[in-house]
Amino acid sequence: MGEAHSTDALGPNTQQHVTVNSDGSIHAVLQDGALVTTIDMQVSGNNVTLTKRDELGVTTSMMDLAAGARFVDQNPAVAAIAEQGMSTLRAMRAARYPVRYGASPMGSGGPCGAEAQNMINAGYAAIIACSSGVSIGCLMAQNDYNKAVAAYNACMDSKFPN
């Protein structure tokens, strides 16, 4: 996987830039007027490390995806409510802030463009969900992101077999 990124103006003073890197890490820069927030998310095994930086300071948090998956398995009612909330958030975000991927080694409109688009959207959703401090939302968004990366990689492997 190469690098995919998107830059979008969300309003007169608000911009976002999201990059999905070849190692699976996600980097986002959100600018709202004078406040610039940088968020980096790295997945290593079952752990998600999120580092959020802005003019006010640096916050780092970690989440154990395996523990989160066990919680979801043991609490299906909570998981169902969280999934409904995530579905609503996905729809609202897609309607209000459509993400388009920009120049990247994948090439705009190139092979697997739809999969690349889905990967960026899922990466952005994971950044937002994981930086909000809601662990179950982070878990679900990270799961969506992992599925999107797998779909992109499968598409690229089918187009460019080794």
Task: Stretchable slack from residue 73 to residue 17, in nm (0.36 nm times residue separation minus alpha-carbon distance) - done: 16.7 nm
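For a Förster distance of 22 Å, can you work out the FRET efficiency between the beta-carbons of residue 34 and residue 62, rounded to the nearest 0.05? Write down the numbers at each step before the final one.
Details: r = 29 Å, r/R0 = 1.34.
With R0 = 22 Å, the Cβ-Cβ based efficiency is 0.15.
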- [ ] Could you rank the peptides 66-78, 32-44 by their average count of other C-beta atoms within 10 Å per residue, with the highest value first?
- [x] 32-44, 66-78
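Every number here is computed from the coordinates shown, using simple stated rules; none is lab data. In this text the structure is predicted, and so the values were computed from the model without any measurement. Cβ coordinates were reconstructed from backbone atoms using ideal geometry, including for glycine residues, and neighbour counts include every protein chain displayed.
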